[in-house]
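What follows is a short report on a single structure.
The values are calculated or read from the model by the stated rules, or taken from the named source; none is laboratory data. Being a predicted model, the structure only gives us computed values, none of them experimental. Cβ coordinates were reconstructed from backbone atoms using ideal geometry, including for glycine residues, and neighbour counts include every protein chain displayed. SASA here: full protein model, heavy atoms, side chains in, ligands and nucleic acids out. Shrake-Rupley method; radii C 1.70, N 1.55, O 1.52, S 1.80 Å.
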Amino acid sequence: MSGAKRYVIAVDLGTTSTKTLVIDRDGRVLASHSIEYPLYTPGPDRAEQDPLEIYQASVRGIGEVIRKADVASREVSCVSFSSAMHSLIAVDAEANPLTPCITWADNRSASYADLLKKEFDGHQIYLRTGTPIHPMSPLTKLMWMKDHQPEIYHRAYKFIGIKEFVFARLFARYVIDYSLASATGMFNLRNLDWDRQALEAAGLSAEKLSEPVPTTCVLEGLAPELASQMGLEPDTPFVIGASDGVLANLGAGAFEPGVYSVTIGTSGAVRGVVREPLTDPKGRLFCYALKEDFWVIGGPINNGGIMFRWVRDQLATLEAEEGRRRGMDPYDYLTELASEAPAGSGGLLFLPLLLGERAPYWNANARGVFFGLSMFHEKKHMIRSVLEGVVYRIHSVVAALEEVGGRTREIRASGGFARSAFWRQMMADVLGTPVTVPDSIESSGLGAAQLGLLAIGEVNDFSGVHDWVQANQRHQVHSAHYEVYRELTEIYMRVYKQLTGEFDAIAAFQHKHAH
Ligand code: ADP
């Protein structure tokens with residue numbers, strides 16, 4: 001790196017915390033700092049944050065991490081940003097918030113997602129904007145606001161997301177990177193500009209939104225007192241960066257054709273990178289920008305690791321307790337038990353749809369099913385079938401992704417599930433694809449740092465990520481298991497299809513009798 005500017009600061013504006021990292025030219029994380037803030041849930045469908053809390057966390061976080069790493073201000077080459085997607089804040093002309101930050105997890109606009117599908121030709125809007133028609137989308141949130149908070153809706157100077165809010169405060173500019181723009185439901189992926197019909201659905205003109213800019217856009221000129229508060233020079237370049245999802249792919253080294261990333265934490269997601277915007281004729285997948293020539297397509301699932309937590313806390317409580325008694329992590333004990341059942345759990349299938357499901361079905365009414373239970377099935381079969389069921393869920397998203405983005409060569413696995421070698425091997429065997437695990441867990445931050453270096457001209461492409469992130473753990477496909485799983489995934493898909501009407505019936509019953 002030129003001169004003495006050896007460090008990049010990555011800032012990740014997340015839903016539960018803002019994380020700041022100091023990363024050197026070799027991709028080593030020298031220091032990290034995390035500042036948590038609450039997610040306010042004032043009603044059943046609400047999930048909000050205080051935008052000022054997040055702005056302050058980012059300013060304070062930068063200062064803290066620079067102090068922790070003991071880095072001089074002139075050694076910082078740039079600050080580069082990652083952010084959660086789909087947030088919406090109405091602001092006045094002085095960038096004061098008129099509303100809380102309405103997050104991706106907020107469901108208040110669910111009926112507007114239906115309306116958009118039925119009355120505004122939502123599928124066509126999806127095909128142009130890449131954001132699935134869903135209450136997470138800022139487009140549906142704006143439609144809600146127009147009807148429910150007309151005073152704020154008309155008074156607002158602009159409608160922005162959390163990263164735009166931070167940049168508006170730092171630089172008095174309203175800019176949105178193509179990546180976060182592509183997750184608003186209002187951004188035309190091919191024109192790289194706001195989509196006229198989507199804006200019409202929200203009753204908006206483009207002046208009410210920020211100016212879309214490339215993810216490599218650099219802003220400079222911090223107020224001197226702000227710069228010194230953060231431990232930076234006033235002319236330190238700030239790179240606008242991208243969303244956490246697409247940067248996680250970059251930072252995990254999963255950005256070449258056929259290398260898909262699978263994350264299973266509480267929920268889960270599958271993502272792959274393609275070189276031009278691609279939407280799915282069947283509407284199952286998102287398409288978000290990383291750069292003009294890198295696009296991330298994929299799908300999120302609700303029912304990821306939380307299914308294993310449900311097993312631990314509801315289905316196998318005695319076994320979990322036994323694990324604790326032996327001084328083990330209950331998850332490890334339960335996976336050990338599961339490994340005593342054969343691949344395919346003796347023909348026991350579990351459809352882990354307890355939370356309804358997003359990709360690829362986008363069916364909020366789906367519910368969980370054990371299928372094929374017989375007298376010889378024991379707890380170990382049930383536990384194993386749940387772990388297999390979660391991987392079948394991933395399989396159905398990978399299958400949709402392959403239809404649009406081409407064959408899988410390799411899976412990069414991350415999230416809590418990747419702690420289990422057993423579960424990772426199962427993934428290789430169900431998908432029929434080798435699974436590797438990146439050594440670093442800071443994928444979004446590393447991705448932001450790499451994009452930052454590209455933005456300031458220190459590197460010419462992303463190839464350096466491969467030196468930053470090794471993937472030493474590798475699982476090859478066990479072909480006998482693969483054959484078993486292939487037979488079962490076909491039954492699994494048919495069972496799901498045949499039950500769609502019944503899912504609606506049972507969900508309606510549950511709503512009616514909810515207490
Ligand atoms: P979050 O989404 O909250 O960041 P994590 O990435 O930590 O969560 O993932 C939590 C999930 O990871 C748990 O619900 C569980 O399914 C899985 N998990 C955690 N530890 C283990 C383990 N030792 N073995 C298998 N699965 C695990």
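Take region 292-313 and flag every residue that is more than 13 Å from the ligand (Cβ to nearest atom) and either open to solvent by 30 Å² or more (accessible area, probe 1.4 Å) or small (G, A, S) (or both). Talk me through it step by step, then tell me what you get.
Of the residues in region 292-313, the ones more than 13 Å from the ligand (Cβ to nearest atom) are 292-299.
Residues satisfying the conditions are E292, D293, G298, G299.
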(Q) Please determine whether any residue of region 420-435 is at pLDDT below 95 and either closer than 30 Å to Y333 by Cα or in contact with a Cys (Cβ under 9 Å, 6 or more places away or on another chain) (or both). (A) no
Q) If you go through region 93-118 one residue at a time, how many are surrounded by 21 or more Cβ atoms within 10 Å (Cβ to Cβ) and among the hydroxyl-bearing types (S, T, Y)? A) 3
**Q.** Hits in region 350-376 - residues which are under 18 Å from Y485 (Cα atoms) and either open to solvent by 10 Å² or more (accessible area, probe 1.4 Å) or in a strand (DSSP E or B) (or both)
**A.** F350, L351, V369, F370, F371, G372, L373
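Listed residues A223, A254, A289; which is more than 16 Å from the ligand (Cβ to nearest atom), of a type in the set (A, V, I, L, M, F, W, C) and free of Cβ contacts under 8 Å to residues at least 12 places away in the same chain?
A223
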**Q.** region 320-344 residues that are of a type in the set (D, E) and open to solvent by less than 80 Å² (accessible area, probe 1.4 Å), paired with ones that are within 13 Å of the ligand (Cβ to nearest atom) and in a helix (DSSP H, G or I) (beta carbon under 8 Å, 6 or more apart)
**A.** E322/Y333; D329/G323; D332/G323
Q. F371 fails exactly one of the following numbered conditions: (1) more than 16 Å from the ligand (Cβ to nearest atom); (2) within 21 Å of the chain's Cα centre (by Cα). What is the number of that condition?
A. (2)
Q) Any residue in region 377-385 that is more than 22 Å from R424 (Cα to Cα), of a type in the set (V, I, T) and not in a loop (DSSP other than H, G, I, E, B)? A) no
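Residues that are in a helix (DSSP H, G or I) and either out of contact with any strand residue (DSSP E or B) (no Cβ under 8 Å at 6 or more places or on another chain) or free of Cβ contacts under 8 Å to residues at least 60 places away in the same chain (or both): does region 167-189 have at least one? Can you show your working first?
Applying the first criterion (in a helix (DSSP H, G or I)) to region 167-189 yields 167-171, 178-181.
After this cut, where a residue has to be either out of contact with any strand residue (DSSP E or B) (no Cβ under 8 Å at 6 or more places or on another chain) or free of Cβ contacts under 8 Å to residues at least 60 places away in the same chain (or both) as well, the list is 169.
Yes: one or more hits.
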Q: Output the helices (runs of 4 or more DSSP H) that fall wholly within region 72-163 and possess 1 or more residues being at pLDDT 95 or above and β-branched (V, I, T), or say none.
A: 122-129, 138-148, 150-155
Q) Taking region 36-92, which residues are open to solvent by 10 Å² or more (accessible area, probe 1.4 Å) and small (G, A, S)? A) G43, G63, A69, A72, S73, A84, S87
**Q.** Residues that are at pLDDT 95 or above, more than 16 Å from I394 (Cα to Cα) and either in contact with a helix residue (DSSP H, G or I) (Cβ under 6 Å, 6 or more places away or on another chain) or within 16 Å of the ligand (Cβ to nearest atom) (or both), drawn from region 345-365
**A.** S345, G346, L348
Q) Of the numbered conditions (1) within 16 Å of the ligand (Cβ to nearest atom); (2) over 30 Å from V22 (Cα atoms); (3) not acidic (D, E), S444 satisfies every one except a single condition; which is it? A) (2)
Q) Within region 269-283, is even one residue open to solvent by 40 Å² or more (accessible area, probe 1.4 Å), farther than 30 Å from A480 by Cα and within 15 Å of the ligand (Cβ to nearest atom)? A) no
Q: Counting only residues that are among the charged types (D, E, K, R) and open to solvent by 30 Å² or more (accessible area, probe 1.4 Å), give me the helices (runs of 4 or more DSSP H) lying completely in region 421-515 with at least 1 of them.
A: 465-468, 479-498, 500-512
Q: Pull up region 294-327, narrow it to residues that are of a type in the set (F, W, Y) and part of a helix (DSSP H, G or I), then point me to the one that is nearest to the chain's Cα centre (by Cα).
A: F308
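Taking A418 as the residue in question, decide whether it is in contact (Cβ under 8 Å) with a residue 60 or more places away in the chain and not in a helix (DSSP H, G or I).
Details: in contact (Cβ under 8 Å) with a residue 60 or more places away in the chain: yes; not in a helix (DSSP H, G or I): no.
So A418 does not fit the description; no.
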(Q) Against the condition modelled with pLDDT of 95 or more and either open to solvent by 10 Å² or more (accessible area, probe 1.4 Å) or in contact with a Gly (Cβ under 9 Å, 6 or more places away or on another chain) (or both), how does S228 come out, does it pass? (A) yes
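Go over the candidates L204, L170 one by one and state the one that is modelled with pLDDT of 95 or more, open to solvent by 10 Å² or more (accessible area, probe 1.4 Å), farther than 28 Å from G63 by Cα and not basic (K, R). Walk me through it before giving the result.
Working: L170 fails: farther than 28 Å from G63 by Cα.
When all the criteria are applied, what remains is L204.
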Q | Identity of the residue in region 386-420, open to solvent by 30 Å² or more (accessible area, probe 1.4 Å) and hydrophobic (A, V, I, L, M, F, W, C), that ends up nearest to the ligand (Cβ to nearest atom) | A | A399
Q | Single residue of region 339-360 satisfying the filter (over 29 Å from the mean Cα position of the chain (by Cα) and among the aliphatic types (A, V, I, L, M)) that is nearest to E378 (Cα to Cα) | A | A341
Q. Among the residues of region 250-281, which ones are outside any loop (DSSP other than H, G, I, E, B), modelled with pLDDT of 95 or more and polar (S, T, N, Q)?
A. S261
